[in-house]
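Comments concern the structure below.
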Amino acid sequence: MTLAELNQRFAIGNHVQFKEIAAGMIVAEVANQHALANIVLQGAHIATFQPRGEEPVIWLSPYAKFAPGKSIRGGVPICWPWFGPHKSDSKLPGHGFARTVPWEVLETKALPDGSTFLRFGLIESETTRAQWPHASTVQLAVTVGKALRVELITTNTDTKAFELGEALHTYFHISDVAKTTIRGLDNCAYLDKVQNFAHCTQKDGIVIESEVDRVYINTAADCVIEDKGLKRAIRIAKQDSMSTVVWNPWTEKADKMGDFGENGHRGMVCVESGNAMENIVTLAPGATHKLVAVYSVEKL
Ligand code: BG6
């Protein structure tokens, strides 16, 4: 669909407009009485979310690249239909292909409470079918209000069951890692990627002082990012997600990635709601699975 067609069918005055921000890269700009948000159609990638009167909740690197087929550093990348490396083919992209392929807009609507609802669907192609030989659909439903509600909905339209790994790989904006504690994972088991997947147990709140790359398993609990610098907490509530990933690349890895900027890693932390490792989902033919995350701000 062209930009003009998109605006004709799905724009809503005072709620949603579509713009081209780089060649081939279209963004849905959402502005309502509660918040502002931008969603890039490639990857159905929520790039920004900022409740009115608040600092941004989502971190987007100032050096993020917006280009066809490239993943965007920051925002809410969708890891789907696997999380991390593919289990048998190392040539396939890490975290799946959903974040780097085109999605289409299926629906936009203004809700009675002033929020905005948008629904996107991944567009299947030869490329996606070659990497994922299962008949399925995946949609992202986003509600932009005072809180941001994100639903990743997968349906198995095949005749056989398949295994699904997934995550909303959300980058959160914080004042500084030294002033931030992530709570909600006490006594949780995790696999520590920094220590070659060692099995560990979380003892207390997490303060990031070096590279952190952990997959917490069997946890449905809310997480709260307490930020003394911004005097606020970001609450991450979730449904049908049994894994939480906490990631900060720290200095050396961030420098190597080239799209963080100097000390960019100090102003972000990823707290990802998903189903990974032991928690991957088996989806029976005809079944639908819905991963939900809701991000809201509380005063500290
Ligand atoms: C995290 C992984 O979820 O994503 C890390 O646990 C990975 O191992 C990080 O480095 C970022 O991945 P990418 O592919 O977006 O650079």
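Read-outs throughout are calculated quantities, based only on the coordinates presented, and are distinct from any laboratory measurement. Everything quoted here is computed from the prediction, not taken from an experiment. All Cβ positions, even for glycine, are placed from backbone atoms using ideal geometry, and neighbour counts span all protein chains on display.
For Ser175, what charge total do you get from the other residues with a beta carbon under 15 Å from its beta carbon, if Lys and Arg give +1 and Asp and Glu give -1?
For residues surrounding Ser175, the net value is +1.
Tally Lys/Arg at +1 and Asp/Glu at -1 over every other residue whose Cβ is under 12 Å from the Cβ of Arg9; what's the total?
Result for the local shell: -3.
How do the peptides 168-177, 220-229 rank, highest first, by the average count of neighbouring beta carbon atoms within 10 Å per residue?
168-177, 220-229
Just add up the charged neighbours of Phe162: K/R +1, D/E -1, any other residue whose Cβ is under 14 Å from the Cβ of Phe162.
Computed value for this residue: 0.
Over what distance in Å are the Cα centres of the range 90-111 and the range 128-175 separated?
When both Cα centres are located, 8 Å separates them.
Cα-Cα pairs above 21 Å in the range 152-219: how many percent?
The share of Cα pairs beyond 21 Å in the range 152-219 comes to 42 percent.
With n ≥ 4 as the cut-off for DSSP H runs, can you work out [θ] at 222 nm for the chain, using -39500 (n - 2.57) per run divided by the number of residues, rounded to the nearest 500?
Computed ellipticity for the chain at 222 nm equals -2000 deg cm²/dmol.
Alpha carbon centre of the range 266-300 versus the range 1-49: separation in Å?
The range 266-300 and the range 1-49 have Cα centres spaced 23 Å from each other.
Holding the Cα-Cα limit at 28 Å, pick out from Lys109/Lys290; Lys160/Lys253; Lys203/Lys228 the pairs that are longer than that.
Violating the 28 Å limit, Cα to Cα: Lys160/Lys253.
P(r) for the range 3-299: what percent of alpha-carbon pairs falls in each 5 Å bin, starting at zero?
1, 5, 12, 17, 19, 18, 14, 9, 4, 1, 0
In nm, give the distance between the simple-model label positions of Ile153 and Ala4, each being 7 Å from the Cα along the Cα-to-Cβ direction.
3.2
Report the calculated FRET efficiency for Asn196 and Ala22 (r = Cβ-Cβ distance, R0 = 30 Å), to the nearest 0.05.
Efficiency, from the Cβ-Cβ distance: 0.20.
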